[in-house]
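**Student:** The structure is given below, and queries will be raised subsequently.
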Amino acid sequence: MADMTMARLHEVMVVLYAVSLVFYFIDYLNKNTIAHRSAFWILSVVYVLQTLFLISFMVEAKRFPILSLFEGIYFYAWLLITLSIILHLFYKIDHVVFFLNVIGFCFMTIHTFAPMQIAQSPIGDTLVSELLFIHITFAILSYTAFAMSFVFAVLYLLVYKILKKKKWTKQFGRLPSLHQTTTGMKASIYTGIPLLLVSLILGMQWAQVALDEWSFFDMKIVGSFILLGVYGFVLFMRRSGKLTGNDFAWANIFAFLFVIINFFLASKLSAFHFWI
């Protein structure tokens, strides 16, 4: 029972850490005060839990947790969060804080779902299945965010066409403005990219734990990284001012085609994504 509770708390930390990364990414790109505060407070909860686990281990084992690779990974993840919180509070270096937390999240995930940890735990099968569940959940959430960007893009083109032709209908008043649709496209991409990145990190960790053989060049993995690159490129072009208005909307529409391709075709060609 105690092992199950500890496993659950570590899983909660991973999920909270992932949500914090999403908010940090939104703030990193868009200087959003609410996202900034949310990211910090969620990360603070993770830090408190990590610290309590660290102190508990030290009291029980009567030593510092650095005598094995497994212990060192946990302590390293804790140090990274400590450093990011200090930088957040005193130096306001947002770029460094965001990337430190990406690295910290990777190590926290490795610690929670490490092959050695799974093998030694009496609830190893449960941990593996729940890691897969979290991975799939974040992937679907990212696809949902990209679907939202697609919908806002279509609405943008529709509103633009109506405004250009000046053919008002009774339904026009119920449509969002061009500014609202543009904001919706950006917000959806800001959310979708970190969700997909987190899903990829968790997915590769699951493959490492659960599969005897797997390839980084599996079609689903390659397709997901291509999808991440496509949306990252769209976002970069938007922020550099090279994609505006209709071009930005069309870019979102074409990018969503890659989501559809990756969701169905890449899954069919994958060696181990056989649940689709």
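**Student:** Could you tell me whether Lys220 is more than 25 Å from Asn101 (Cβ to Cβ) and either touching a Cys at 6+ places or on another chain (Cβ under 9 Å) or in a helix (DSSP H, G or I) (or both)?
**Tutor:** Judged against the criteria, Lys220 is a match.
**Student:** While we're here: Name the pairs: first residue in the range 241-252 and at negative phi and assigned to a loop (DSSP other than H, G, I, E, B), second residue surrounded by 12 or more Cβ atoms within 10 Å (Cβ to Cβ) and of a type in the set (A, V, I, L, M, F, W, C), Cβ to Cβ under 6 Å, at least 6 apart or on different chains?
**Tutor:** Pairs that qualify, where the first residue is at negative phi and assigned to a loop (DSSP other than H, G, I, E, B) and the partner is surrounded by 12 or more Cβ atoms within 10 Å (Cβ to Cβ) and of a type in the set (A, V, I, L, M, F, W, C), are Leu243/Met237; Leu243/Ala251.
**Student:** Taking interchain pairs and intrachain pairs at least six residues apart, which have beta carbon atoms under 9 angstrom, with the first residue in the range 192-207 and within 12 Å of Leu235 (Cβ to Cβ) and the second basic (Lys, Arg)?
**Tutor:** That search, which allows pairs on different chains as well, returns nothing.
**Student:** In addition: Please verify whether Ile34 is open to solvent by 40 Å² or more (accessible area, probe 1.4 Å) and modelled with pLDDT of 75 or more, treating the condition exactly as stated. Write out each step before concluding.
**Tutor:** Details: open to solvent by 40 Å² or more (accessible area, probe 1.4 Å): yes; modelled with pLDDT of 75 or more: yes.
When the stated conditions are applied, Ile34 passes them.
The values are calculated or read from the model by the stated rules, or taken from the named source; none is laboratory data. Predicted model, so just to flag it, every value in this text is computed and none were measured. Ideal geometry is used to build each Cβ from the backbone, glycine not excepted, and the neighbour counts take in all protein chains shown. Ligands, DNA and RNA are excluded from the accessible area calculation, which covers all protein heavy atoms including side chains. Shrake-Rupley method; radii C 1.70, N 1.55, O 1.52, S 1.80 Å.
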